[in-house]
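Each reported figure results from applying straightforward, stated rules to the coordinates on display, with no laboratory input. If you're wondering where the values come from, they're calculated on a predicted model, not measured in any experiment. Cβ: placed from backbone, ideal geometry, glycine included. Neighbour counts: every protein chain shown.
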Amino acid sequence: MNTITIGVDLAKSVFSVCEVDGSGRVLCRLDLKRDAFGNRLRGLLAEFGIVVAKSDHALRVALADLDQHTALRPEMRELLRDLSAH
């Protein structure tokens, strides 16, 4: 399995997301507004069966309660926990 790194630059209104494979090649680069970034996170969580209402507060609550969701791999929990800290 190839290692993939996802980097997120959190700014005030626009977030830059970059996905890089193990050899350093950029696979995807997105500039997302705050709402679009939240929607991406909701979509990602939905893939693991975690449904989150469409509000910033609901997303923050869901990210704070990640430990109760055993479907998430520990690496994914850590990544989402780091994102929610900012």
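For the reader, a short list of remarks on this structure follows.
- Backbone geometry of the range 50-66 corresponds, through the Karplus equation with coefficients 6.51, -1.76 and 1.60 at θ = phi - 60°, to 3J(HN,Hα) couplings of 9, 9, 10, 4, 8, 8, 4, 4, 4, 5, 4, 5, 5, 5, 6, 9, 5 Hz, x marking Gly and Pro.
- Residue with peak Gaussian network fluctuation, the chain [Cα springs, cutoff 10 Å], from Gly22, Gly38, Gly49: Gly22
- Normalising by residue count, the range 1-83 has a Cα convex hull of 99 Å³ per residue.
- Residue-averaged 222 nm ellipticity for the chain, from DSSP H runs of 4+ at -39500 (n - 2.57), nearest 500: -12000 deg cm²/dmol
- Across the chain, the longest piece that holds none of the trypsin sites (Lys or Arg not before Pro) lying in DSSP loops with up to 12 other C-beta atoms within 10 Å covers 55-86.
- Computed about the Cα centre, the dipole magnitude for the range 4-84 is approximately 240 debye when only Lys and Arg (+1) and Asp and Glu (-1) carry charge, each at its Cβ.
- Burial ordering of Ser55, Ser23, fewest other beta-carbon atoms within 10 Å first: Ser23, Ser55
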